[in-house]
Amino acid sequence: GLNSILDHRGKIYISELNKTIEINDGGDDSEKTIIFACQNPLNQGGGRKGLPASFLNRFTHVWFSELKRQDFLNILNQTFPTIDEKYRVASVKFTEALNLKVVKNKEFGLSRAPWEFNLRDLCKAFSIIQDYHEKTEDENEKIKFLQQTFSFIYASRMRTKSDRDKIMNL
């Protein structure tokens with residue numbers, strides 16, 4: 001679908017809007033349209049298909065290294081500052097351990113694999129947890145809610161009870 005906006009036509013029809021959108025090449029003293037596109041590496045995640053070289057050649061490629069523990073923590077600290085740091089640190093360590101066991105070592109979770117556990121999962125979990133943690137003083141309740149949320153975000157994706165139990169034990 002994007003080829004028509006990137007080639008000589010310079011426009012794309014979006015049927016859901018019943019509208020044609022044209023790019024601006026900057027020729028009439030107006031601002032030039034700039035398009036940014038992002039794609040995760042093919043080796044990350046669950047079975048991504050590669051884009052054709054003819055399409056990829058239209059872009060400048062910029063590579064970023066995989067996020068490290070401190071990168072995760074910096075993002076979570078900025079995005080969810082009201083959640084206690086000990087929960088952020090423990091959650092990042094949990095996600096790292098889960099990736100090691102499921103993604104790299106393939107110790108479990110083989111049904112319907114491949115899997116990936118990443119910053120998106122942590123942000124989903126903390127988005128759910130944030131309001132509860134702000135309203136609740138009881139530390140045991142916070143931990144229980146955290147465990148339930150992580151069960152929902154991580155364990156519920158597994159296809160077997162055994163795999164779900166292993167995640168909860170971890």
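The values are calculated or read from the model by the stated rules, or taken from the named source; none is laboratory data. These numbers were taken from a predicted model, which means no experiment stands behind them. So basically every Cβ, Gly included, is an ideal-geometry build from the backbone, and we count neighbours across all protein chains shown. Accessible surface areas use protein heavy atoms only, side chains included; no ligands, DNA or RNA. Shrake-Rupley method; radii C 1.70, N 1.55, O 1.52, S 1.80 Å.
Here are Gln70, Gln39, Gln78: which of them is closer than 25 Å to His8 by Cβ, open to solvent by 80 Å² or more (accessible area, probe 1.4 Å) and polar (S, T, N, Q)?
On the way: Gln70 fails: closer than 25 Å to His8 by Cβ; Gln78 fails: closer than 25 Å to His8 by Cβ.
After applying the criteria, what remains is Gln39.
Scanning region 63-70 turns up at least one residue that is in contact with a helix residue (DSSP H, G or I) (Cβ under 9 Å, 6 or more places away or on another chain) and under 30 Å from Arg159 (Cβ atoms).
So which residues in region 144-167 are of a type in the set (A, V, I, L, M) and either touching a residue at least 40 places away in the same chain (Cβ under 8 Å) or exposed (fewer than 13 other Cβ atoms within 10 Å of the Cβ) (or both)?
Here is the first cut: in region 144-167, the ones of a type in the set (A, V, I, L, M) are 146, 153, 155, 158, 167.
Leu146, Met158, Ile167 - these are the residues of region 144-167 that are of a type in the set (A, V, I, L, M) and either touching a residue at least 40 places away in the same chain (Cβ under 8 Å) or exposed (fewer than 13 other Cβ atoms within 10 Å of the Cβ) (or both).
Taking residues in region 53-76 that are without any contact (Cβ under 8 Å) to a residue 40 or more places away in the chain, and partners anywhere that are small (Gly, Ala, Ser) and surrounded by 10 or more Cβ atoms within 10 Å (Cβ to Cβ), the pairs with Cβ atoms closer than 6 Å and at least 6 places apart or on different chains are Phe59/Ala37.
Regarding Ile5, is this residue open to solvent by less than 80 Å² (accessible area, probe 1.4 Å), over 30 Å from Ser156 (Cα atoms) and part of a helix (DSSP H, G or I)? Answer is yes for this residue. May I ask you to verify whether Glu107 is among the acidic types (Asp, Glu), open to solvent by 90 Å² or more (accessible area, probe 1.4 Å) and either under 27 Å from Phe36 (Cα atoms) or in contact with a Gly (Cβ under 6 Å, 6 or more places away or on another chain) (or both)? Spelling it out, it is not the case that Glu107 is among the acidic types (Asp, Glu), open to solvent by 90 Å² or more (accessible area, probe 1.4 Å) and either under 27 Å from Phe36 (Cα atoms) or in contact with a Gly (Cβ under 6 Å, 6 or more places away or on another chain) (or both). The single residue among Arg120, Arg58 that is farther than 25 Å from Gln148 by Cα and among the basic types (Lys, Arg) turns out to be Arg58. Please determine, by comparing only the residues of region 129-143 that are surrounded by fewer than 16 Cβ atoms within 10 Å (Cβ to Cβ) and touching a residue at least 24 places away in the same chain (Cβ under 8 Å), which one is nearest to Lys161 (Cα to Cα). Restricting to residues being surrounded by fewer than 16 Cβ atoms within 10 Å (Cβ to Cβ) and touching a residue at least 24 places away in the same chain (Cβ under 8 Å), the top hit is Gln130. Output the number of residues of region 29-80 satisfying the condition of being modelled with pLDDT under 90 and either within 16 Å of the chain's Cα centre (by Cα) or part of a helix (DSSP H, G or I) (or both). Adding up the residues that qualify gives 20.
Scan region 94-117 and give yes if some residue there is touching an Asp or Glu at 6+ places or on another chain (Cβ under 6 Å), in a loop (DSSP other than H, G, I, E, B), in contact (Cβ under 8 Å) with a residue 40 or more places away in the chain and among the aromatic types (Phe, Trp, Tyr), otherwise no. Taking every residue of region 94-117 in turn, at least one turns out to be touching an Asp or Glu at 6+ places or on another chain (Cβ under 6 Å), in a loop (DSSP other than H, G, I, E, B), in contact (Cβ under 8 Å) with a residue 40 or more places away in the chain and among the aromatic types (Phe, Trp, Tyr). Considering only residues in region 81-104 that are over 17 Å from the mean Cα position of the chain (by Cα) and acidic (Asp, Glu), the one that is least open to solvent (accessible area, probe 1.4 Å) turns out to be Asp84.
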